[in-house]
Amino acid sequence: MKIIGLTGGIGSGKTLIASLFQYLGASVYDSDHHAKEIMADDPVLIDQIKEAFGQDVYDNAGKLQRDLLRDLVFKNPDRLNQLNKIVHSSVRSDFREWTTKQTTELIIFESALILNKNWIDLFDYMVFVQADEPIRISRIMDRDQLDEAMIKRIMENQVFDKSLLKNDKLRTIDNSGKRLIIPRVWKLYREFTVD
């Protein structure tokens, strides 16, 4: 079994690439989806988030107020780092447990922040999805109905360690619409699944 880290900035098309790998037979762990579930269900994590960001980030019914939390963290990189530290350790543990239940020969861990943190040791290979900024902004505006200023703040906080892009275990996919992506994903799938 090989584990692949799939990353790229917001709007780059990671989810599309992940779905293509899944169609070919890989198991996909969507870290954003799992993080949202953990932030909604894990009482220890909920308490840590409330302590760090205030009781108001969860409403009276216990539901996370995502817009409020987004406004708090994307205006302040220190607060974003604080949230990431709190949530990422839970996601890492959840991923390890989830991995033990998978039977496919290829596992994809999809996350926008892999090149920002020290997770690279978990992966046999990394796939970096890239797309031109105007295309990414347009995709996010269509998908999330966020304004351009908020999108740019999010992008500014997704800083990648460029030295990792030279790693011999890193592969890239250009998803700007200039090249066909299905053949590229198929080629990578074959590379990752051949021993």
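Values quoted throughout were computed directly from the atomic coordinates according to the rules given, and no laboratory measurement underlies them. Since this is a predicted model, take the numbers as computed values, not measurements. When we count neighbours, we look across all protein chains shown, and the Cβ atoms used for this are built from the backbone with ideal geometry, even at glycine.
Between 0 and 90 degrees, the angle of helix 182-193 with respect to the longest Cα principal axis of the chain falls at about 80 degrees. Most tightly packed first, judged by the mean number of other beta-carbon atoms within 10 Å of their residues, the peptides 121-128, 106-113 read 106-113, 121-128. Between the Cα long axis of helix 133-144 and the first principal axis of the chain there is an angle of about 60°, rounded to the nearest 10.
Could you state the angle between the C-alpha long axis of helix 77-100 and the longest principal axis of the C-alpha atoms of the chain, as a value from 0 to 90 degrees rounded to the nearest 10? Rounded to the nearest ten degrees, it is 50.
How large is the Rg to Rh ratio of region 2-193 when both quantities use alpha carbon positions and Rh follows Kirkwood?
0.96
Of the trypsin sites (Lys or Arg not before Pro) found in region 20-105, those that fall in a DSSP loop while having at most 11 other beta-carbon atoms within 10 Å are 63, 101. Full extension of the segment from residue 93 to residue 132, taken as 0.36 nm per residue of separation minus the current Cα-Cα distance, would add 10.7 nm.
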